[in-house]
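Data first, discussion second: the structure below is written as structure tokens.
The values are calculated or read from the model by the stated rules, or taken from the named source; none is laboratory data. If you're wondering where the values come from, they're calculated on a predicted model, not measured in any experiment. Positions of Cβ are generated from backbone atoms using ideal geometry, with glycine treated the same way; all protein chains shown enter the neighbour counts. What goes into the accessible areas is simple: the full protein's heavy atoms, side chains included, and nothing from ligands, DNA or RNA. Shrake-Rupley method; radii C 1.70, N 1.55, O 1.52, S 1.80 Å.
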Amino acid sequence: MISIDTHAHWYPQEWLDLFARDGPKEGASLERTARGYTIRTERIVNAFDDEFVDLGLRLAGMDRQRVDVQAMSLTAPMVYWASPGLGEALAQAYNDACSAAYAKHPDRLVGLAMVPMQDPKLALKELERAAKLPGLRGLYLATHVNGENLDEKKFWDVYAKAEELGWTIFLHPIQTLAPERTARYYLKNLLGNPYDTGVAAACLVFGGVLDAFPKLEVNLPHAGGTFPWLIGRMDRGTRVRPELAHMKRLPSEYLRRFTYDTIGHHDAINANLVRLVGADRVILGSDYCFDMGLEDPRGEVERWAPGDAERDLILGATAARLLRME
């Protein structure tokens, strides 16, 4: 069974060059450090090493992890922080680089497209362009767009196009909740990431996005964040709260509208996620190659997967369908 890592981050050199050239004009910076790079925007800081950039090191890392294919994605700061024009240029640079990487390594690498959601018309334009690029197999979105939740109607044309293309939307947290309260102890990641994912998923459910686009696939990172584990509380609220009187179905009925990656960091949590949503809704992820990622993502699945059939679905079969690699 082929193994497909759907949660693997990449900064192409072409993207970094454009960021270093035009980012400072908008208050951003890129610093080369002894350990790699530090990238800064007004609200976002991220540090990463050469393995996030160099494809040779990446392929060696994939071999080390026994991962056959990576679906590469752009992590923080993404492109929403920029003006619409620069955001579009950064998205184009990333998408073009992903397509070029696929051309060099078609059996190992595919890309998840980035679009400038701060301007939905430009986002739709870039989505349509990226869909024609070889090797682009899905859409990558943050869990909010500069503080606006994903159920805002101005984003719906993007969802409609993704549904039309048959592209899965892969979500990832950015600028997470309550930064003033999560600055210490690395809580911005430990708690901020999963809670931000939970808010995004809840907005897609309560805001009617999944009803409006019944064929749209959405993937939640980090084993779904808080969403699957607070589903009983959301069901209860739907039954008793007037704010949710518009709901015709319980949130738990939407659990299988999402897929979830395997970055749960706990065997029992991952195994219970499979029990809750089914093995066919869970896909391999690593968070490559952050320190909060999984060093042996395939080995972890092999350890806790309930059986061979379930293991094969999780390691690659379901991801191959979502990424149209079958």
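I need to check one value: relative contact order of the chain, counting alpha carbon pairs closer than 8 Å and at least 6 residues apart, in percent.
Value for the chain: 17 percent.
Work out from phi, with θ = phi - 60° and the Karplus expression 6.51 cos²θ - 1.76 cosθ + 1.60, the ³J(HN,Hα) of each residue of the stretch 184-200, listed in order in whole Hz, and give x for Gly and Pro.
So the Karplus estimates, Gly and Pro as x, are 8, 6, 6, 5, 4, 9, 4, 10, x, 4, x, 5, 5, 5, x, 5, 4 Hz.
Hey, got a sec? Which trypsin sites (Lys or Arg not before Pro) in the stretch 113-186 land in a DSSP loop and have at most 11 other Cβ atoms within 10 Å?
Within the stretch 113-186, the qualifying trypsin sites (Lys or Arg not before Pro) (loop, at most 11 other Cβ atoms within 10 Å) are 132, 181, 184.
Only helical DSSP H runs with n ≥ 4 go in: add -39500 (n - 2.57) per run for the chain, normalise by residue count and round the 222 nm mean residue ellipticity to 500 deg cm²/dmol.
My calculation for the chain gives -11000 deg cm²/dmol from helical runs alone.
Let me have the relative contact order for the stretch 6-128, percent, based on Cα pairs under 8 Å that are six or more residues apart.
After rounding, I find 26 percent.
Would you pull out the residues with amide H under 5 Å of residue 260's amide H, same chain only if 5 or more places away, H placed 1.01 Å from N?
Excluding prolines and chain starts, which carry no amide H, the hits are 220, 282, 283.
Report the longest stretch of the chain that contains none of the chymotrypsin sites (Phe, Trp or Tyr not before Pro) sitting in a DSSP loop with at most 12 other Cβ atoms within 10 Å.
1-184
Please list, in order along the stretch 73-87, the HN-Hα scalar couplings obtained from phi with the Karplus expression 6.51 cos²θ - 1.76 cosθ + 1.60 (θ = phi - 60°), rounded to whole Hz, x for Gly and Pro.
Using θ = phi - 60°, the values come out as 9, 8, 9, 3, x, 6, 9, 6, 5, 8, 4, x, x, 5, x Hz.
So which GluC sites (Glu not before Pro) in the stretch 40-89 are both in a DSSP loop and have at most 13 other Cβ atoms within 10 Å of their Cβ?
42
Spelling out what I want: for every residue of the stretch 228-238, take phi, set θ = phi - 60°, compute 6.51 cos²θ - 1.76 cosθ + 1.60 (Karplus), and round to whole Hz; glycine and proline get x.
Along the stretch 228-238, the couplings run x, 8, 10, 5, x, 5, 5, 4, 4, x, 5 Hz.
Starting from the 7 Å offset along Cα-to-Cβ, what nm value, one decimal, do you get for the label separation of residue 245 and residue 280?
3.8
Could you do me a favour and compute the accessible area per residue for the chain, 1.4 Å probe, result in Å²?
Value returned for the chain: 43 Å² of accessible area per residue.
Find, to one decimal place in angstroms, the Kirkwood hydrodynamic radius of the stretch 17-169, where the mean of 1/r is taken over every pair of different Cα atoms and then inverted.
Final number for the Kirkwood radius of the stretch 17-169 is 16.2 Å.
I need the Debye-formula profile for the stretch 106-224: one equal scatterer per C-alpha, no solvent, reported as log10 I(q)/I(0) at q = 0.09, 0.17, 0.21 1/Å, two decimals.
For the stretch 106-224, the Cα-only Debye profile gives -0.25, -0.85, -1.18.
Could you grab the Rg to Rh ratio for the stretch 228-326? Cα atoms only, Kirkwood for Rh.
Looking at the stretch 228-326, the ratio lands at 1.06.
Loop-only trypsin sites (Lys or Arg not before Pro) in the stretch 252-326, please: DSSP not H, G, I, E or B, and at most 15 other Cβ atoms within 10 Å.
Those satisfying the criteria are 324.
For the chain, take N as its residue count and report Rg(C-alpha) divided by 2.2 N^0.38 Å.
0.94
When the chain is fully extended, how far beyond the present Cα-Cα distance does residue 302 get from residue 163, taking 0.36 nm per residue of separation?
46.8 nm
Can you give the convex hull volume per residue for the Cα atoms of the stretch 114-182, as a whole number of Å³?
Dividing the Cα hull volume of the stretch 114-182 by its residues yields 82 Å³.
Residue separation times 0.36 nm, minus the C-alpha to C-alpha distance between residue 83 and residue 21: what's the value?
Gain in length upon complete extension: 20.9 nm.
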